[in-house]
1. Suppose we keep only residues that are charged (D, E, K, R) and loosely packed, with under 11 Cβ neighbours inside 10 Å within the range 50-74. Which one would you say is farthest from residue 20 (Cα to Cα)?
2. Select, from 60, 72, the only residue that is among the basic types (Lys, Arg) and outside any loop (DSSP other than H, G, I, E, B).
3. Residues to consider are 45, 77; find the one that is open to solvent by less than 100 Å² (accessible area, probe 1.4 Å) and either part of a helix (DSSP H, G or I) or more than 30 Å from residue 97 (Cβ to Cβ) (or both).
4. I'm trying to understand the selection: among the residues of the range 80-97, which are open to solvent by 100 Å² or more (accessible area, probe 1.4 Å) and assigned to a helix (DSSP H, G or I)?
5. So, residue 74, is that one in contact (Cβ under 8 Å) with a residue 24 or more places away in the chain and β-branched (Val, Ile, Thr) or not?
6. Taking the range 60-69 as the search range and keeping residues that are under 19 Å from residue 40 (Cβ atoms) and free of Cβ contacts under 8 Å to residues at least 12 places away in the same chain, which one is farthest from the chain's Cα centre (by Cα)?
7. Say whether the condition of being part of a helix (DSSP H, G or I), open to solvent by 60 Å² or more (accessible area, probe 1.4 Å) and hydroxyl-bearing (Ser, Thr, Tyr) is met by at least one residue in the range 26-38.
Amino acid sequence: YPRAMKRWYDNWDAICPIFKFSAEVRKVIYTTNAIESLNASYRKLNRQRSVFPSDQALLKALYLSTFEATKKWTMPLRNWGVIYGEFQIMYEGRLPD
């Protein structure tokens, strides 16, 4: 795949920071199921109602859609304790204990 490899070489400065994380953390970072689920709920909201009376109404609808989508996120992340510990070390003082 020469084109894919060229993209990697051309963008290596943007790609290489991901490798400072362990394999478990990288898996959490690149897993997009929750993000795709959230985007699907936003698309559904947009299909149901394409015009909002104000920006505030749109923000409220997005908030409620986000709130409903997060109710489906019940699966715990594998090795979360290890991952969270690594985040606490890397980002000292930025995460709650």
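1. Of the range 50-74, the ones charged (D, E, K, R) are 55, 60, 68, 71-72.
Then drop every residue that is not loosely packed, with under 11 Cβ neighbours inside 10 Å, which leaves 55, 71.
Numbers: 55: 40, 71: 32 Å.
Residue satisfying both the conditions and the ranking: 55.
2. On the way: 72 fails: outside any loop (DSSP other than H, G, I, E, B).
The match here is 60.
3. On the way: 77 fails: either part of a helix (DSSP H, G or I) or more than 30 Å from residue 97 (Cβ to Cβ) (or both).
When all the criteria are applied, what remains is 45.
4. Taking the range 80-97 and keeping what is open to solvent by 100 Å² or more (accessible area, probe 1.4 Å), we get 80, 89, 92, 94, 97.
Passing the criteria: 80, 89.
5. On the way: in contact (Cβ under 8 Å) with a residue 24 or more places away in the chain: no; β-branched (Val, Ile, Thr): yes.
So residue 74 does not fit the description; no.
6. Taking the range 60-69 as the starting set, the residues that turn out to be under 19 Å from residue 40 (Cβ atoms) are 61-69.
Filter once more, so that each one left must be free of Cβ contacts under 8 Å to residues at least 12 places away in the same chain: 63-64, 67.
Details: 63: 16, 64: 18, 67: 15 Å.
Once the filter is applied, the top-ranked residue is 64.
7. Filtering the range 26-38 for residues part of a helix (DSSP H, G or I) gives 26-30, 33-38.
Applying the additional criterion that residues be open to solvent by 60 Å² or more (accessible area, probe 1.4 Å) yields 26-27, 29-30, 33, 35-36.
Add one more test, that the residue is hydroxyl-bearing (Ser, Thr, Tyr), and what stays is 30.
Within the range 26-38, one or more residues are part of a helix (DSSP H, G or I), open to solvent by 60 Å² or more (accessible area, probe 1.4 Å) and hydroxyl-bearing (Ser, Thr, Tyr).
The values are calculated or read from the model by the stated rules, or taken from the named source; none is laboratory data. It should be emphasised that the depicted structure is a prediction, and the values quoted were computed from it without experimental measurement. Note that each Cβ is placed from the backbone with ideal geometry, even for glycine, and that neighbours are counted across all protein chains shown. In case anyone asks, the SASA skips ligands and DNA or RNA and just uses the protein heavy atoms, side chains included. Shrake-Rupley method; radii C 1.70, N 1.55, O 1.52, S 1.80 Å.
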